[in-house]
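Here the structure is laid out as C-alpha cells; the discussion comes afterwards.
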Amino acid sequence: MVRPPSIPPRWADRLLDSFCRDELAEEIRGDLVEAWEADLAEKGKFRADLVYALEVLLFIRSHVIRRRDPHRARGSVMWKDYLTVAVRTVRKQKAWSAINFVGLAIGLACTFLIGSFVADELSFDGYHTDAERIFRMTSSPSEAYDGIAKVNGAWGVEAARRFPQVESVTRFVYFGNARWTVGDRSEDVTSGFLADSTVFDVFSWKVLAGDPATALIEPFSLVLTASLAESWFGTTDARGLSVVVDGGARIP
C-alpha cells in the first residue's frame, strides 16, 4: 500500500484563501509550505501543522486582507434603502399597510391549511407495504346516486373467486358500541370492527405481540390497539387474557 504524501492542514489553506488578497496568496502560501516542510522533517507532522496554522493566523493584517467588493457593498446599501422606504410607507399609510399584512397572513394561512389537507389525503393509509395494490369496493345503486364506500359481505368473496387478479380479500363490519367487562370493570367501547382472518394479509399494521398470521383464525379472537390493551389490562401484551362482550361471549 502506498502511503499518501503529507500536506499542510486544508482548513488553514481555506482560511488563508478567505481573507488574503489574490495577488499575495500564492507567494504567502509558497513561503508557508516551504517552512512547513522544514518543520515536518525536524519536528514531526503535528507540530508542523500547528506552526503552519499559527502562521496563517498571523497573516491576518490590514495590508493582506482582501478589499471589500464594491458591488457587494452597494447591494447591502440598497437593501437598507429598501427597508427604510418600507418602514416609512407603513408609518404613512397605516390602514393600507394593515390591509396588506392581514391579506398576506390570511393567504399564508390558507396555503398552509390547503397544503396540509392535500398532503394528508395523498398519504392516507400510504404506510402499508402494498398500499398501491389495495382497493376498496364501492357500490352505486343508481345513476342519480353518487355511491357509498361499502358493499354486501358476499361481494368480496365472489370477486376473489371470479377474478384471478384478486390475491386476497378482507371485510370489515362496524359494530358500533359494545359492553366490555373485565373483572369488576364494565364500560362501553366504541369504534370496533369485525374482520376476516385475512386482514393482516392485506394491511401491514405493526403487531407488538402475537402472530398476525394466526391472530384472528380462531372464533371470538380479538386484536387490540396498544392504547386499548394498556387501558384494560395494564400491558400491551394481552395474549391469554379475556374480555366479556355484551354480557355474553367471552373473547380470549
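The values are calculated or read from the model by the stated rules, or taken from the named source; none is laboratory data. As the structure is a prediction and not an experimental result, all values here were calculated from the model. So basically every Cβ, Gly included, is an ideal-geometry build from the backbone, and we count neighbours across all protein chains shown.
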Notebook entry, point to check: Does the stretch 106-124 include one or more residues that are under 23 Å from ARG171 (Cα atoms) and either hydroxyl-bearing (Ser, Thr, Tyr) or surrounded by 10 or more Cβ atoms within 10 Å (Cβ to Cβ) (or both)?
Noted result: yes
Next item on the list: Answer yes or no as to whether GLU167 is farther than 28 Å from THR190 by Cα, of a type outside the set (A, V, I, L, M, F, W, C), loosely packed, with under 10 Cβ neighbours inside 10 Å and within 34 Å of the chain's Cα centre (by Cα).
Entry: no
Check: Just checking, which of GLU158, GLU167, GLU143 is among the acidic types (Asp, Glu), more than 26 Å from VAL207 (Cα to Cα) and at pLDDT 85 or above?
Finding: GLU158
Item checked: Pair list, Cβ < 8 Å and 6+ apart or interchain, from the stretch 231-242 residues that are more than 13 Å from VAL182 (Cβ to Cβ) to residues that are acidic (Asp, Glu) and assigned to a helix (DSSP H, G or I) -> THR236/GLU230
Notebook entry, point to check: Looking at VAL173, VAL245, VAL207, which is the one that is of a type in the set (Val, Ile, Thr) and in contact (Cβ under 8 Å) with a residue 24 or more places away in the chain?
Noted result: VAL245
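In this structure, is LEU228 at pLDDT 85 or above and in contact with a helix residue (DSSP H, G or I) (Cβ under 7 Å, 6 or more places away or on another chain)?
When the stated conditions are applied, LEU228 does not pass them.
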Checklist line | Residues (free of Cβ contacts under 8 Å to residues at least 40 places away in the same chain and under 16 Å from PHE233 (Cα atoms)) located in the stretch 176-192 | finding: GLY183, ASP184, SER186, GLU187, ASP188, VAL189
Margin query: With part of a loop (DSSP other than H, G, I, E, B) and surrounded by 16 or more Cβ atoms within 10 Å (Cβ to Cβ) as the only criterion, which of LEU224, LEU208, LEU228 stands out?
Written below: LEU224
Next item on the list: Just give me the residues in the stretch 185-225 being of a type in the set (Lys, Arg) and touching a helix residue (DSSP H, G or I) at 6+ places or on another chain (Cβ under 9 Å), in sequence order.
Entry: ARG185
